[in-house]
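Notes follow once the structure below has been shown.
The values are calculated or read from the model by the stated rules, or taken from the named source; none is laboratory data. For clarity, every value in this text was computed on a predicted model and none was experimentally measured. Note that each Cβ is placed from the backbone with ideal geometry, even for glycine, and that neighbours are counted across all protein chains shown.
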């Protein structure tokens, strides 16, 4: 982790919502999903928050040897966003506690604030993490 990874750093990331990131596409194997509105799905929004943080962090860690994994998220989703709208995630690194990173996040789609929340990530050694996952996978479900 570089000394440049500092509390108070801010970032923004903009993403145009494609049709395949709407609610009917979140779990297409569930028939109910096909009846749901074609708006940006909360599940994909959570992923967007994660990747906005990843993109902000990576220049400050030894990527790809070091990576981050999400360990907690607490967000609202208060406005619907149709495909074609651009969602901008604005974030702030609130706390660095060893390898634990805590963020505050806000997302807007140009018309509304669609989400606010917090997200924690943990810096991992990718080789060690992947080895532990492989060992677990070898033990079976």
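Based on what the data block shows, is residue 128 more than 15 Å from the chain's Cα centre (by Cα), at pLDDT 95 or above and closer than 18 Å to residue 43 by Cα?
Details: more than 15 Å from the chain's Cα centre (by Cα): yes; at pLDDT 95 or above: yes; closer than 18 Å to residue 43 by Cα: no.
It is false that residue 128 is more than 15 Å from the chain's Cα centre (by Cα), at pLDDT 95 or above and closer than 18 Å to residue 43 by Cα.
With 128, 135 as the choices, which residue is without any contact (Cβ under 8 Å) to a residue 60 or more places away in the chain, surrounded by fewer than 18 Cβ atoms within 10 Å (Cβ to Cβ), under 24 Å from residue 4 (Cβ atoms) and out of contact with any helix residue (DSSP H, G or I) (no Cβ under 6 Å at 6 or more places or on another chain)?
On the way: 135 fails: under 24 Å from residue 4 (Cβ atoms).
None of the others qualify; the one that does is 128.
Give just the number: which of (1) in contact (Cβ under 8 Å) with a residue 60 or more places away in the chain; (2) in contact with a strand residue (DSSP E or B) (Cβ under 7 Å, 6 or more places away or on another chain); (3) surrounded by fewer than 17 Cβ atoms within 10 Å (Cβ to Cβ); (4) closer than 21 Å to residue 115 by Cα does residue 18 not satisfy?
Unmet condition: (2).
Just need a number here: residues in the range 108-117 that are on the phi < 0 side of the Ramachandran plot and loosely packed, with under 15 Cβ neighbours inside 10 Å.
Total satisfying the criteria: 3.
Given 12, 79, 52, which one is under 15 Å from residue 116 (Cα atoms) and free of Cβ contacts under 8 Å to residues at least 40 places away in the same chain?
Testing whether each residue is under 15 Å from residue 116 (Cα atoms) and free of Cβ contacts under 8 Å to residues at least 40 places away in the same chain leaves just 79.
In the range 87-107, how many residues are touching a helix residue (DSSP H, G or I) at 6+ places or on another chain (Cβ under 6 Å) and surrounded by fewer than 17 Cβ atoms within 10 Å (Cβ to Cβ)?
0
Mind checking whether some residue in the range 112-121 is over 28 Å from residue 37 (Cβ atoms) and touching a strand residue (DSSP E or B) at 6+ places or on another chain (Cβ under 7 Å)?
Of the residues in the range 112-121, the ones over 28 Å from residue 37 (Cβ atoms) are 120-121.
Right, trim to touching a strand residue (DSSP E or B) at 6+ places or on another chain (Cβ under 7 Å) and you get 120-121.
Within the range 112-121, one or more residues are over 28 Å from residue 37 (Cβ atoms) and touching a strand residue (DSSP E or B) at 6+ places or on another chain (Cβ under 7 Å).
Going by the structure shown, is residue 84 within 24 Å of residue 114 (Cα to Cα), at pLDDT 95 or above, over 18 Å from the mean Cα position of the chain (by Cα) and surrounded by fewer than 14 Cβ atoms within 10 Å (Cβ to Cβ)?
Numbers: within 24 Å of residue 114 (Cα to Cα): yes; at pLDDT 95 or above: yes; over 18 Å from the mean Cα position of the chain (by Cα): yes; surrounded by fewer than 14 Cβ atoms within 10 Å (Cβ to Cβ): yes.
It is true that residue 84 is within 24 Å of residue 114 (Cα to Cα), at pLDDT 95 or above, over 18 Å from the mean Cα position of the chain (by Cα) and surrounded by fewer than 14 Cβ atoms within 10 Å (Cβ to Cβ).
Kindly indicate the residue of the range 24-80 that is exposed (fewer than 14 other Cβ atoms within 10 Å of the Cβ) and at pLDDT below 95 and also nearest to the chain's Cα centre (by Cα) among those meeting that condition.
27
Considering each of 96, 46 in turn, give the residue that is free of Cβ contacts under 8 Å to residues at least 40 places away in the same chain and within 27 Å of residue 128 (Cα to Cα). I'd like the intermediate steps shown before the answer.
Details: 96 fails: free of Cβ contacts under 8 Å to residues at least 40 places away in the same chain.
On inspection, the qualifying residue turns out to be 46.
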